[in-house]
Amino acid sequence: MDGKLAILGTGRMGEALLGGLLRSGWATPDQVWCTVHTPERAEYLADTYGVRADTDSPAAAADADVVIVAVKPQNIRSLLHDIAGSVRLGQTVISVAAGIPTATIEKVLPEGVAVVRVMSNVPVLVDEAMSAVAPGRHAGHEHVEIAERILGHVGRVVRLGEEHLDSVTALSGSGPAYFFLLAEAMIDAGILLGLSRDISTELIIQTMVGSAKMLRDTGRHPVELRESVTSPGGTTIAAVRVLEQERVRAAFLNAIEAAKQRSEDLAGS
Ligand SMILES: NC(=O)c1ccc[n+]([C@@H]2O[C@H](COP(=O)([O-])OP(=O)(O)OC[C@H]3O[C@@H](n4cnc5c(N)ncnc54)[C@H](OP(=O)(O)O)[C@@H]3O)[C@@H](O)[C@H]2O)c1
């Protein structure tokens, strides 16, 4: 990248981004200034990644061309007030804080500063995030592109209008929890059938990884892939009948709609 990057709030998410950006070579340690709340955490980041790290967010923001805000949503307002005097036109501010609208951020920062909002998910920790990026009022194509490039180093990225981010939160933001729940239930089923927990866990996790890879890499529709393993009068269709009788499909539709509603409620509160 050209210029300097500040990561304000370098916790799990911030560190995942930092690691991805340095590994890919997109940024070098001397271009990055990370801030945190506790000096011990700053020392860890400086020792591990060779970046500048401390607790001085206003100074880091003033020094940067791109400012990533990665504190918890409950800390973002006080952080923004701290850095408002250091942020200037021409910088790109990228917020990864879940549920915080760009308008809330724009209100605190100087008028006209470009803000891009990101909704990512927990597989960012293993460089397999699904992220959506949405421009705020003053963000142009070039600002969104910077966010896409940054998030592209830790997974996949789509660009959407901000009005869709509650849906993204419900689908891919909370999505890993749905898959973890499914894994847990299937592992329990293995135990019910008399397999050990270890074996059952190995069978299910590899089956999930393999199925996910097929979905992503073949580009074939899920229905097509499911039909390819559902032979007439066979075992899979016997299980599918029970899943349909138990209204699992309807449960997913209702659950994800409820998550979107909750996301809207939280954003309004
Ligand atoms: N974790 C994920 O997978 C994930 C996924 C999608 C989105 N997000 C979003 O990412 C954001 C961060 O989540 P997280 O899980 O990474 O939280 P986290 O691990 O708690 O990290 C937050 C970091 O912010 C630092 N901090 C707190 N107050 C600060 C301040 N005033 N100035 C500078 N740094 C400050 C903390 O420092 P100390 O460590 O010194 O206390 C901590 O390192 C959230 O808004 C969340 O919605 C996270």
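The values are calculated or read from the model by the stated rules, or taken from the named source; none is laboratory data. Since the structure is predicted, the reported quantities are computational estimates derived from the model, not experimental observations. No Cβ is skipped: glycine too gets one built from the backbone with ideal geometry, and neighbour counts run over all protein chains shown. Protein only, heavy atoms only, side chains kept; ligands, DNA and RNA dropped before computing areas. Shrake-Rupley method; radii C 1.70, N 1.55, O 1.52, S 1.80 Å.
At least 1 residues that are without any contact (Cβ under 8 Å) to a residue 12 or more places away in the chain and away from the ligand (no atom under 14 Å from the Cβ) in each: list the strands (runs of 3 or more DSSP E) lying fully within region 43-122 that qualify. Even if it seems obvious, please write down each step before you answer.
On the way: elements: 52-54, 66-69, 92-95, 114-119.
Here the list is empty.
Picking from 52, 117, which residue would you name as being under 23 Å from residue 19 (Cβ atoms), among the basic types (Lys, Arg) and open to solvent by 30 Å² or more (accessible area, probe 1.4 Å)?
52 is the lone residue from the list that is under 23 Å from residue 19 (Cβ atoms), among the basic types (Lys, Arg) and open to solvent by 30 Å² or more (accessible area, probe 1.4 Å).
Looking at region 123-152 only, could you name the residues that are part of a loop (DSSP other than H, G, I, E, B) and over 21 Å from residue 174 (Cα atoms)?
Across region 123-152, the qualifying residues are 136, 137, 138, 139, 140.
Would you mind stating whether residue 211 is free of Cβ contacts under 8 Å to residues at least 60 places away in the same chain and either outside any helix (DSSP H, G or I) or closer than 30 Å to residue 148 by Cα (or both)?
yes
Can you give me the number of residues within region 191-208 that are part of a helix (DSSP H, G or I) and either without any contact (Cβ under 8 Å) to a residue 12 or more places away in the chain or open to solvent by 70 Å² or more (accessible area, probe 1.4 Å) (or both)?
Residues meeting the conditions: 10.
Suppose the filter is within 10 Å of the ligand (Cβ to nearest atom), among the β-branched types (Val, Ile, Thr) and open to solvent by 50 Å² or more (accessible area, probe 1.4 Å); does residue 35 pass it?
Values: within 10 Å of the ligand (Cβ to nearest atom): yes; among the β-branched types (Val, Ile, Thr): yes; open to solvent by 50 Å² or more (accessible area, probe 1.4 Å): no.
In short, no.
Would you mind stating whether residue 162 is open to solvent by less than 30 Å² (accessible area, probe 1.4 Å), among the acidic types (Asp, Glu), modelled with pLDDT of 95 or more and more than 26 Å from residue 25 (Cβ to Cβ)?
no
Could you please give the count of residues in region 1-17 that are crowded, with 20+ Cβ neighbours inside 10 Å and away from the ligand (no atom under 11 Å from the Cβ)?
Step one: list which residues in region 1-17 are crowded, with 20+ Cβ neighbours inside 10 Å, which gives 5-10, 13-17.
Those still in the list that are away from the ligand (no atom under 11 Å from the Cβ) too: 5.
Summing the residues that are crowded, with 20+ Cβ neighbours inside 10 Å and away from the ligand (no atom under 11 Å from the Cβ) in region 1-17 gives 1.
Among (1) touching a residue at least 60 places away in the same chain (Cβ under 8 Å); (2) in a loop (DSSP other than H, G, I, E, B), there is one condition residue 37 misses while meeting the rest; what is its number?
Evaluating residue 37 over (1) touching a residue at least 60 places away in the same chain (Cβ under 8 Å); (2) in a loop (DSSP other than H, G, I, E, B) leaves (1) as the failure.
Output yes when any residue across region 227-234 is in a helix (DSSP H, G or I) and over 30 Å from residue 117 (Cα atoms), and no when none is.
yes
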